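One structure is given below, encoded as structure tokens.
The values are calculated or read from the model by the stated rules, or taken from the named source; none is laboratory data. Everything quoted here is computed from the prediction, not taken from an experiment. FYI the Cβ positions are ideal-geometry reconstructions off the backbone, even for glycines, and counts take in every protein chain you see. Side chains are part of the model used for accessible areas, which takes the heavy atoms of the whole protein and leaves out ligands, DNA and RNA. Shrake-Rupley method; radii C 1.70, N 1.55, O 1.52, S 1.80 Å.
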Amino acid sequence: VSDGGASHSYSSLTEIRRKEAEKALAALQLYRAATFCGLPDSKLDRHQSDIEAAVVEQLPGRGQRCAIISPLLGDGHADHDAVALAAKSVAASYPSVVSHWSYGVWTWMKNVDHDALVGAQRLTMSAQARLAKRNAINAYRSQVSDDLGQQIVPNELLNVAAADHEVLWCR
């Protein structure tokens, strides 16, 4: 959704982040062309209607059921919350055909209380799925390494992401 350009002061970061996203999608065997919104990183809260319009544009149409998967609302990053709110709004506008699933990113770096886990489902991943997920995460070199300067995603979070399960919420 965002252009990813605010995490480092690097002139071609937006282009780097787009290539990383394409590599991550390939690792997950999601070959359908991605839609990049190019909205300003760290400012998505100012673009709620743009995000919603972009999501609606991707809906399959003709009453086909689909799921929107977004970061968990309250995840700990303002851009993640903006995307979560847009996904929630679109799902609410099309309740008979759209379900909204969420996943935590920064959630796991906080003390997660019982209330936060209400509605969560733990899904065990196969070894093949874990490898694909690891390769997709590792595609984001600008975030998971110090190649461009400071590593953005701490090793603690990378260790959590390497678990044999995924936690999703359907709300």
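Across segment 62-75, a minimum of one residue is classified as open to solvent by less than 50 Å² (accessible area, probe 1.4 Å) and more than 15 Å from the chain's Cα centre (by Cα).
Residues that are among the acidic types (Asp, Glu), at pLDDT 95 or above and within 17 Å of the chain's Cα centre (by Cα) do not occur anywhere in segment 32-41. Of the residues making up segment 125-141, those that are assigned to a helix (DSSP H, G or I), in contact with an Asp or Glu (Cβ under 9 Å, 6 or more places away or on another chain) and either open to solvent by less than 70 Å² (accessible area, probe 1.4 Å) or of a type outside the set (D, E, K, R) (or both) are Ala127, Ala129, Lys133. Whenever a residue of segment 41-59 is touching a residue at least 24 places away in the same chain (Cβ under 8 Å), its partners that are among the hydroxyl-bearing types (Ser, Thr, Tyr) and open to solvent by 70 Å² or more (accessible area, probe 1.4 Å), lying with C-beta atoms within less than 9 angstrom and at least six residues away or across chains, give the pairs Glu52/Ser93; Ala54/Thr35; Val56/Ser93; Val56/Tyr94; Leu59/Tyr94.
The set of residues in segment 103-140 being of a type in the set (Gly, Ala, Ser) and either in contact (Cβ under 8 Å) with a residue 12 or more places away in the chain or closer than 21 Å to Lys88 by Cβ (or both) consists of Gly104, Ala116, Gly119, Ala120, Ala132, Ala136, Ala139. Listed conditions (1) without any contact (Cβ under 8 Å) to a residue 40 or more places away in the chain; (2) in a helix (DSSP H, G or I); (3) of a type outside the set (Gly, Ala, Ser) are all met by Gln64, apart from (2).
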